[in-house]
1. Quick one: L66 ticks every box in (1) open to solvent by 80 Å² or more (accessible area, probe 1.4 Å); (2) among the aliphatic types (A, V, I, L, M); (3) within 60 Å of the chain's Cα centre (by Cα) except a single one, so which number is it?
2. Restricting to the stretch 18-36, give me the number of residues that are over 11 Å from the mean Cα position of the chain (by Cα) and surrounded by fewer than 11 Cβ atoms within 10 Å (Cβ to Cβ).
3. Can you name the condition, by its number, that H346 falls short on among (1) surrounded by fewer than 14 Cβ atoms within 10 Å (Cβ to Cβ); (2) of a type outside the set (G, A, S); (3) farther than 19 Å from E415 by Cα?
4. Can you give me the number of residues within the stretch 306-317 that are free of Cβ contacts under 8 Å to residues at least 60 places away in the same chain and open to solvent by 50 Å² or more (accessible area, probe 1.4 Å)?
5. Working only within the stretch 403-450, note down all residues that are surrounded by fewer than 11 Cβ atoms within 10 Å (Cβ to Cβ) and either touching a Ser or Thr at 6+ places or on another chain (Cβ under 9 Å) or on the phi > 0 side of the Ramachandran plot (or both).
6. Among the numbered criteria (1) in contact with a strand residue (DSSP E or B) (Cβ under 9 Å, 6 or more places away or on another chain); (2) in a helix (DSSP H, G or I); (3) modelled with pLDDT of 85 or more; (4) open to solvent by less than 60 Å² (accessible area, probe 1.4 Å), which single criterion is violated by R46?
7. What number of residues within the stretch 200-218 are open to solvent by 100 Å² or more (accessible area, probe 1.4 Å) and not charged (D, E, K, R)?
8. In contact (Cβ under 8 Å) with a residue 24 or more places away in the chain, out of contact with any strand residue (DSSP E or B) (no Cβ under 9 Å at 6 or more places or on another chain) and assigned to a helix (DSSP H, G or I), is that true of R359?
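The values are calculated or read from the model by the stated rules, or taken from the named source; none is laboratory data. If you're wondering where the values come from, they're calculated on a predicted model, not measured in any experiment. Note that we place each Cβ from the backbone using ideal geometry, even for glycine, and neighbour counts take in every protein chain shown. We work out accessible area using only protein heavy atoms, side chains counted, and drop any ligands, DNA or RNA first. Shrake-Rupley method; radii C 1.70, N 1.55, O 1.52, S 1.80 Å.
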Amino acid sequence: MRFERSWHRSLTLCFAILIVLAIACIEYINNVQHQYIQQTERDRAREELSIIRSRLEALIISDIYLVNSLPVVVAANSEFSRVSWREVAQIVIERSSHIKGIILAPDDVIKLVYPYKYERYIGRRIGHPRRNQGAKLDYQLNQEPLVADAVELDNGDLGLVARVPIYIDPPFNQLYWGNVSVIINLEHLLDNAGVREFAKNYNLAIASVDEQLKPQSYLLGDASTLKNAFASELVLFPNGTWMIAASANQSFLSDVNWYQLNSARLIGYSSLLLLCGAYFAVSRLYRNANQRSLHDELTGLPNRRYFMFTFKRQFALAKRSGVKEKFALLNIDLDKFKEINDLYGHDAGDRVLELAGQRIQTALRSSDVVARVGGDEFLILLPRIMDPAHLESIIESVRSHLTHDPVEYDSLPIELQASIGFAIYQPDMESVEDMFKIADAAMYRNKLRIQD
């Protein structure tokens, strides 16, 4: 029925809107969850970065201060032999896994090296990283070690040079003798501090910075990482400062459990699928129930409810439009149907009703509507009736199909007879009851004639 279809379409539209809103909510919750997980991961990364900063400071300072005893030794014995120098330097290197070489430079001119692969540098003057005479004087007057920029070692690794000034008049430290430099393998240092492991999940940059924290050179990474960093730490050591910064990369959330990352979608869309399944199951059950409520269970034809809605709509449409096209109502009643039930049983009666419905449908046009509205009563709506002759031909066709051949039941022929009354719509009719009264009266007159 049209009103049922309209109601069902409205409900389907509302459900579709609900689905769209549910999807929007699921995606919103998923986005919020991702932001929360990202924030949690960034907080964890900040903690790890702080630990790495502490390790770097501790490792660098421990390596630098391993050579703090050398200035005392040199001040006591400024003329080292090659053998004695090797013994002293070897002890220092063995105590550190990062120091790969030691250079002794009286008056900043390299004189002794260890290991001997650095002998090619003997005789060279050590330039100060700040590149000016005033800064060099400041360094000589400063008792603290100085960490210079990274250099490339012979094996291709990055090295870090730390220089310790030597004075021959401790503790006054007024007479500058020169310096001792240690070469630290930066790759090993970063590995031991956990930098490489951390860099698997984040973009990492390490830059030496000046007093205004402006990057001077990059030991690791580049400026883009520093610009997009969500966490940064300052690595402080004597006469030097590094900035270590982390930014997100493609594997930022790779360590997060997939189910944790997508739990909102898994739960949301699973629930949504269950809801959709429940809706379609209930909708199908409703349509089936509604179909049964609108159709006769025995014959499968529309019932009185269906027919009355369609008939009233046709009547109201004709009343509003005032068109000259007419429609008609047929009232069919099977004669002596009670006797068939009494003689042959109710199963035979049911068989007669089924075949009667089928025969009537066969005689009608596709636009006509037939319904079983009572025990042996059928109503037919005939739209587009041009004239009474047209109606008479349809009535004769229905009567012929209905009564021409007997109904076979258990090899017994059951003859059918029917009384048919009709009413044609007239503009002066006030309600559908007027047409029903006319059709009923005509049907009863026809039944009386048959009985006579």
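1. (1)
2. Number satisfying all stated conditions: 4.
3. Among (1) surrounded by fewer than 14 Cβ atoms within 10 Å (Cβ to Cβ); (2) of a type outside the set (G, A, S); (3) farther than 19 Å from E415 by Cα, the lone unmet condition for H346 is (3).
4. So the answer is 1.
5. Hits for the stretch 403-450 are D410, S411, L448, R449.
6. (4)
7. Counting residues in the stretch 200-218 that are open to solvent by 100 Å² or more (accessible area, probe 1.4 Å) and not charged (D, E, K, R) gives 2.
8. Taking the combined requirement at face value, the residue satisfies it.
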